[in-house]
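Single-structure report; data block below.
The values are calculated or read from the model by the stated rules, or taken from the named source; none is laboratory data. Treat the numbers as computed from the prediction; the structure is a model and nothing was measured. Using ideal geometry, Cβ is built from the backbone for each residue, glycine included, and neighbour counts are taken over all protein chains shown.
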Amino acid sequence: MTLTFELQKQKERTPVVAQTVFLGLGLVLLLLAPLFFYPVFLMKILCFALFACAFNLLLGYTGLLSFGHAAFFGGAAYFTAHAVKEWGVPPELGILVGVVGAALLGAVIGFFAIRRQGIYFAMITLALAQMFYFFCLQAEFTHGEDGIQSVPRGHLFGLLDLSQSSNMYYFVLAIFVIGIAIIWRIINSPFGMILKSIRENETRAISLGYSVRNYKLAAFVMSAALTGLAGGLKALVFQFATLTDVGWQMSGEVILMTLLGGIGTLIGPLFGAALVVTLQNYLATSEFPVTIITGVVFMACVLLFRRGIVGEFYNSRLGRRLGFEHRQKH
Amino acid sequence: MNKKVIATLAIMLASSTAALADASDGKVKIGILNDQSGVYADFGGKFSYEAALMAVEDYGGKVLGVPVEVITADHQNKADIASNIARQWYDTEQVDSIMELTTSSVALAVQAISKEKKKIDIVTGAATTELTGKQCSPYGFHWAYDTHSLAVGTGGALVKQGGDSWFFLTADYAFGYSLEENTGNYVKENGGKVVGAVRHPLATTDFSSFLLQAQSSGAKVIGLANAGLDTSNAIKQAAEFGIVQGGQRLAALLFTLAEVHGLGLEAAQGLTLTEGFYWNRDAESAKFGKRFMERTGKMPNMVHAGTYSAVTQYLKAIEKAGSDDADAVSKELHAMPVNDVFAQNGTVAPNGRMIHDMYLLEVKKPDESKEPWDYFKVLATIPGKEAFIDPAQSGCDLVKS
Amino acid sequence: MTMIFGIPLQAFLGQLLIGLINGSFYALLSLGLAIIFGLLRVINFAHGAQYMLGAFIAWLLLAHFGIGYWPALILAPLLVGLLGAAIERTMLRRLYSLDPLYGLLFTFGLALTVEGTFRYLYGASGQPYATPALLTGGANLGFMFLPVYRGWAIVFSLIVCIGTWLVIEKTKLGSYLRAATENPVLVQSFGINVPFLLTLTYGLGAALAALAGVLAAPIYQVSPLMGSNIIIVVFAVVVVGGMGSIMGAIVTGYLLGVAEGLTKVFYPEASNIVIFVIMAIVLLLRPAGLFGRDA
Amino acid sequence: MVLAARGLRRDFGGFTAVKDVDLDVHHARVHALIGPNGAGKTTVFNLLTKFLQPTHGTITLLGEDITNTAPDKVARMGLVRSFQISAVFPHLTVLDNVRVALQRPNRLATQFWKPLSALDALNGKADQLIRSVGLEKERNALAADLSYGRKRVLEIATTLALDPKVLLLDEPMAGMGHEDVGMVAEIIREVARERAVLMVEHNLSVVATLCHHVTVLQRGEILAEGDYASVSDDPRVRTAYMGTEEA
């Protein structure tokens, strides 16, 4: 029951240079991006990219397809927004509240969901997330359809004024980089090795004495917590939290971003998120409804390029020469 | 990458946005931002954009000698997309005001941005009274209707017509509660009583169970404190269970011509509802309705007509102020009476609420309907002063006694 | 007056019957899902869209060709079944060799596309569809007023469910289907055309969804959104039932319909989540579902 | 006696795959489980390792009742198995395959904050295992790229990495070339000096030379038991076994 693979192959050091250059280039581009693009738009992409990367930790590196990640994303947005607006906590603490909340929620949903595998896992996460959606709809603190509005961004560590668009952008970028670094560390750790082996051959992992359930639950909670980081950040960027982020369509969207960018690649989801967000923004002012395009892109991805953009690049001749080895099972 | 470079970047960024905001652009640009592909696509949708275009054309396409442009976008019912578009419109596309804004979460979010950017927003599509209450803005206006006026119209006026005992079918979330509570208060104030209520989850497909409970309550009026598909399904199933034939009256608290059309007279007959506009009310409205129908294939509801009115009034205010500066225009908007096809002697309160008459309507039986879209009988006119919250009680801090 | 749990017996019976009616739709839909899953190992996310298509085709037939309810009851499932078969042939087929999750994702995309297209073409607020003349009116059962059409819906869906079960359990075609589920290679070696069987199955499953859609058209508003609202609940039904048997899908459908119906009386606020709560409990006690077999 | 089963039974629907099986596996001995296809050998393995729950019967491992224990717990208690079809982690290297097994007792498995290089501490032990099965040339190759026989060998190496007390090997020689068969037989002999080994094997010459004790299964029931010579002389075994399969 596994999807795709990125392979960490202990190879010669030459490709490392190419990869470092790419990484550095990417970082410079992100630092300069506000000069060329609209900052709020960029921040939105970064939030969704972090969301998709956190989701990919589960799908790409543990082989679990969750159809309920919106619960953690939207849930964290509500927790952060509530903490910042009603309790008046500083932004960094607000985000922490979102992360912890999402992790707890992940522990509960994960506890039930990991009892089944594959498609059942997907359906159970979907159903439980839907339950959480109804909770958010009815709970007092979410303000129903109105959402929590006018959330103050506040001052980071009491110093940096985040209502300044550029301050906020670099704050979001910093959180994004930290988030990605955490994900990278988890994937490339002894623990990540076990996740990979569970994805590769769950039965064998059990027969080697690993309590696979605990590992899956741990990965699920980590993914939920990192998703919460993205959700809390988004609440600060947009200064509100609404029902949209908890709905099952959002769970579908993050799958699309990951699939489009490349399942099981560290930065694929970033490209997927950028593309989907751009598409949504672009189509907002066109005649054509977004859902049709989203649906068609979904089908095309599944039928034609399952590796996703980044996966296809890794697998292309250029990608191989640069040492981005990317293998897929199918 | 060092601190200096980042600082330079930040300065460049700040100066560039500032420059954009100041640039006087030789045109007036209005953005119609609403749901064009989701559940509210008929309620407002691209028809509201058409209404705005009509208003601009009727005005002559120009104000203060500069052309008026209308642009539109589909926010897909997502506040983040709406907020992204709104910011981008204000910052990079020189949009002067944003209107329509269906869905409460979107309207509140965009109103907050407009306040921050000192731009005018006029809401016709969203219902929440928060817009002119705690979250009001000196640049924000609420034009067509709100939950309060619907409650007063349907709750208050219907009791006077003899519907003095009520049972509510309420959507189980904040919007539903506030409709139920407001309406219930007006029922009681007018001497009626509420005999019961049942809370149903949002997006319920089957209402038969709730309808049976309403039926056995013996209440004279069954109030539907919900919206969209929920209301449609409830009405359709009420017809199936013979509720209206059984002598009970059905009152939908948020329902317009567009939804009645979708439901058909067969199922909707006898339903009572409140709107701020009905095309077949008088000769002038009928003329407007037919023109709108020619363009869109649909008769306008209060959101469409309200958008027409809002755009027209906005242009008049610019004319009067002699500038498209938000402070000046806002001042005029607050001062000028509204007299057009939508509102007669409407006034704008300090909290941004446009106060105008509302209409209590009843859906005709199929054989009473003489022509297509001839759906309503006007049962009563609710004067604006009764229909809307007294600005002093609204909780808006712009209102000082 | 006799009381049950604090409500009159009569009201209780009425609610029970209504629950059974909702259960009919759950049963019809989860039956189609179970058949498709059994053979294709695909969770058909497009099931809701196919249900919606059934209702919409019935409406289109009436609005544009004057074709009424009864012919639509045959025509709409036929058309949707053919469409399903075509999709299986041209696209879905390529995914069988892959992880089943890709099937889920593909049909998810399909559902979005179909739903979006109908929203674009016909708006979201829905279309009216009148109850057929023969089935209008209602009967007073003493404990409740039962619209004739609802009675028809319950009887008809029972007939279809039992009929489908009989076809699968008792006929030769059904035995091929069951055998192909167990061991496709073996069945192919017997000279049975398995790819054709798969196409047929997907078409049949889609047709069942469409049939439920036509059946729903006079009760619910015919709207592009009607499918996505119900599909997640049906998924939960399927998890509770456990995909073990065709009968399991049917029985669970009716059971949960009744459970939901009773919740609407005792604690209406929870009626939307009661099925999910039951799902969580079942997962704790019997992870394979009520009728499921351990893998 | 380290592993014992009493009255083991497993039903699937109406079909009984394993019926009243008693089994005793002893320390430092190689025990073979043979029988024609469909005799229930793999089911017995699945029951003993708790991948399947028996319908009836009890299982004890090292004196502890494991009838209701989870499979991963059983593995941690020292009962480790291989699979009929090679069970490796295909997209990990040979080295990583072995290291995944070595990680478990070392607490390294849960450390998500450490870099991968933390695993280098295991390299010495891993290389020793890799050498012992003759995979040193393929050390950095992907498991997926190995030949079938080499995958089986790798699987044995990962199994040994856990230093189990009881080894259950499901057809360890199947699909192997001649030289590999000899080598694996040697490994098993070596391993069995300090452990108990229970293996399913079709290659009767291997069984004859390697195994101390043989149990013959037929249709889920024990047909005969004893050393190879006595079992192979049993006429019932000859008809049951030779009828279906040539050794």
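Within the range D:136-159, can you find the residues that are in a loop (DSSP other than H, G, I, E, B) and more than 9 Å from chain A (Cβ to nearest Cβ)?
Listed by number, the residues that qualify are D:R139, D:A141, D:L146, D:S147.
Can you name the condition, by its number, that C:G138 falls short on among (1) within 30 Å of B:A214 (Cβ to Cβ); (2) in contact (Cβ under 8 Å) with a residue 12 or more places away in the chain?
(2)
For the list (1) of a type outside the set (G, A, S); (2) touching a residue at least 60 places away in the same chain (Cβ under 8 Å); (3) assigned to a loop (DSSP other than H, G, I, E, B), I need the number of the one condition that D:K19 fails.
The single condition D:K19 does not satisfy is (3).
What's the number of the condition A:G94 fails, among (1) over 23 Å from B:Q135 (Cβ atoms); (2) touching a Leu at 6+ places or on another chain (Cβ under 8 Å); (3) more than 14 Å from chain B (Cβ to nearest Cβ)?
(1)
Can you name the residue in the range B:204-229 that is in a loop (DSSP other than H, G, I, E, B) and crowded, with 22+ Cβ neighbours inside 10 Å and is also modelled with the lowest pLDDT among such residues?
So the residue we want is B:T204.
For the range D:59-98: of the residues being among the aliphatic types (A, V, I, L, M) and part of a strand (DSSP E or B), which is farthest from the chain's Cα centre (by Cα)? If you could, list the steps in order and put the result at the bottom.
Restricting attention to the range D:59-98, the residues satisfying the condition of being among the aliphatic types (A, V, I, L, M) are D:59, D:61-62, D:66, D:70, D:74-75, D:77, D:79-80, D:85, D:87-88, D:92, D:94-95, D:98.
Still in the running and part of a strand (DSSP E or B): D:59, D:61, D:79-80.
Values: D:I59: 17, D:L61: 15, D:L79: 9, D:V80: 7 Å.
Filtering first and then ranking leaves D:I59.
Going by the conditions given, is A:S251 surrounded by 22 or more Cβ atoms within 10 Å (Cβ to Cβ), within 12 Å of chain C (Cβ to nearest Cβ) and either outside any helix (DSSP H, G or I) or modelled with pLDDT of 90 or more (or both)?
Yes.
Any residue in the range B:261-277 that is without any contact (Cβ under 8 Å) to a residue 60 or more places away in the chain, out of contact with any Leu (no Cβ under 9 Å at 6 or more places or on another chain) and not in a helix (DSSP H, G or I)?
Yes, that holds for at least one residue.
Please go through the range A:189-226 and give me each residue that is more than 7 Å from chain D (Cβ to nearest Cβ), charged (D, E, K, R) and either within 22 Å of A:A103 (Cβ to Cβ) or touching a Phe, Trp or Tyr at 6+ places or on another chain (Cβ under 8 Å) (or both), ordered by number.
Matches in the range A:189-226: A:R199, A:R213, A:K216.
Yes/no per residue for (1) among the basic types (K, R); (2) more than 28 Å from A:L126 (Cα to Cα); (3) touching a strand residue (DSSP E or B) at 6+ places or on another chain (Cβ under 7 Å):
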{"residue": "C:A72", "(1), (2), (3)": "no, yes, no"}
{"residue": "C:A85", "(1), (2), (3)": "no, no, no"}
{"residue": "C:Y96", "(1), (2), (3)": "no, no, no"}
{"residue": "C:G126", "(1), (2), (3)": "no, no, yes"}
{"residue": "C:G142", "(1), (2), (3)": "no, yes, no"}
{"residue": "C:L158", "(1), (2), (3)": "no, yes, no"}
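Output the residue which, of all residues in the range B:134-193 that are assigned to a strand (DSSP E or B) and small (G, A, S), is farthest from the chain's Cα centre (by Cα).
B:S165
I'd like the full set of residues that are without any contact (Cβ under 8 Å) to a residue 12 or more places away in the chain and not in a helix (DSSP H, G or I), limited to the range A:174-222.
A:S189, A:N201, A:L208, A:G209, A:S211 - these are the residues of the range A:174-222 that are without any contact (Cβ under 8 Å) to a residue 12 or more places away in the chain and not in a helix (DSSP H, G or I).
If I filter the range B:118-130 for residues that are of a type in the set (D, E, K, R), surrounded by fewer than 24 Cβ atoms within 10 Å (Cβ to Cβ), within 25 Å of B:K400 (Cα to Cα) and more than 12 Å from chain A (Cβ to nearest Cβ), do I get at least one hit? Write out each step before concluding.
Start the filter on the range B:118-130 by keeping residues that are of a type in the set (D, E, K, R), which leaves B:118-119, B:121, B:130.
Subsequent filtering for residues that are surrounded by fewer than 24 Cβ atoms within 10 Å (Cβ to Cβ) retains B:118.
Imposing the further condition that a residue be within 25 Å of B:K400 (Cα to Cα) reduces the set to B:118.
Among the residues that remain, those that are also more than 12 Å from chain A (Cβ to nearest Cβ) are: B:118.
The answer is yes, given that some residue of the range B:118-130 is of a type in the set (D, E, K, R), surrounded by fewer than 24 Cβ atoms within 10 Å (Cβ to Cβ), within 25 Å of B:K400 (Cα to Cα) and more than 12 Å from chain A (Cβ to nearest Cβ).
Taking D:A101 as meeting all but one of (1) surrounded by 22 or more Cβ atoms within 10 Å (Cβ to Cβ); (2) over 17 Å from the mean Cα position of the chain (by Cα), write down the number of the exception.
(2)
Please go through (1) in contact (Cβ under 8 Å) with a residue 60 or more places away in the chain; (2) closer than 30 Å to A:F288 by Cα; (3) of a type outside the set (V, I, T); (4) out of contact with any Pro (no Cβ under 9 Å at 6 or more places or on another chain) for C:W59 and return the number of the only condition it doesn't satisfy.
Of the numbered conditions (1) in contact (Cβ under 8 Å) with a residue 60 or more places away in the chain; (2) closer than 30 Å to A:F288 by Cα; (3) of a type outside the set (V, I, T); (4) out of contact with any Pro (no Cβ under 9 Å at 6 or more places or on another chain), the odd one out for C:W59 is (4).
Filter the range B:242-258 down to the residues that are assigned to a strand (DSSP E or B) and either surrounded by 24 or more Cβ atoms within 10 Å (Cβ to Cβ) or under 22 Å from the mean Cα position of the chain (by Cα) (or both) and list them by number. Show your work before the answer.
At the first step, the residues of the range B:242-258 found to be assigned to a strand (DSSP E or B) are B:249-252.
If the condition is that a residue be assigned to a strand (DSSP E or B) and either surrounded by 24 or more Cβ atoms within 10 Å (Cβ to Cβ) or under 22 Å from the mean Cα position of the chain (by Cα) (or both), then B:L250, B:A251, B:A252 are the ones that fit.
Hey, among D:L154, D:L119, which residue is more than 25 Å from D:A185 (Cβ to Cβ) and either polar (S, T, N, Q) or in contact with a Leu (Cβ under 8 Å, 6 or more places away or on another chain) (or both)?
D:L119
Given the structure, is D:L95 facing another protein chain (nearest Cβ under 9 Å) and within 22 Å of D:L160 (Cβ to Cβ)?
Values: facing another protein chain (nearest Cβ under 9 Å): yes; within 22 Å of D:L160 (Cβ to Cβ): yes.
The answer is yes for D:L95.
Quick check on the range B:38-55. Is at least one of its residues buried (at least 21 other Cβ atoms within 10 Å of the Cβ), at the interface with chain A (Cβ under 10 Å from one of its Cβ atoms) and under 15 Å from the mean Cα position of the chain (by Cα)?
Looking through the range B:38-55, at least one residue is buried (at least 21 other Cβ atoms within 10 Å of the Cβ), at the interface with chain A (Cβ under 10 Å from one of its Cβ atoms) and under 15 Å from the mean Cα position of the chain (by Cα).
Does at least one position in the range B:366-386 carry a residue that is touching a His at 6+ places or on another chain (Cβ under 6 Å), of a type outside the set (S, T, Y) and either within 17 Å of B:A251 (Cβ to Cβ) or surrounded by 14 or more Cβ atoms within 10 Å (Cβ to Cβ) (or both)?
Within the range B:366-386 (the criterion being touching a His at 6+ places or on another chain (Cβ under 6 Å), of a type outside the set (S, T, Y) and either within 17 Å of B:A251 (Cβ to Cβ) or surrounded by 14 or more Cβ atoms within 10 Å (Cβ to Cβ) (or both)), the answer is yes, since at least one residue qualifies.
Check D:V237, D:V184, D:V197, D:V207 and return the single one that is touching a helix residue (DSSP H, G or I) at 6+ places or on another chain (Cβ under 7 Å) and surrounded by 23 or more Cβ atoms within 10 Å (Cβ to Cβ).
That would be D:V197, the only listed residue that is touching a helix residue (DSSP H, G or I) at 6+ places or on another chain (Cβ under 7 Å) and surrounded by 23 or more Cβ atoms within 10 Å (Cβ to Cβ).
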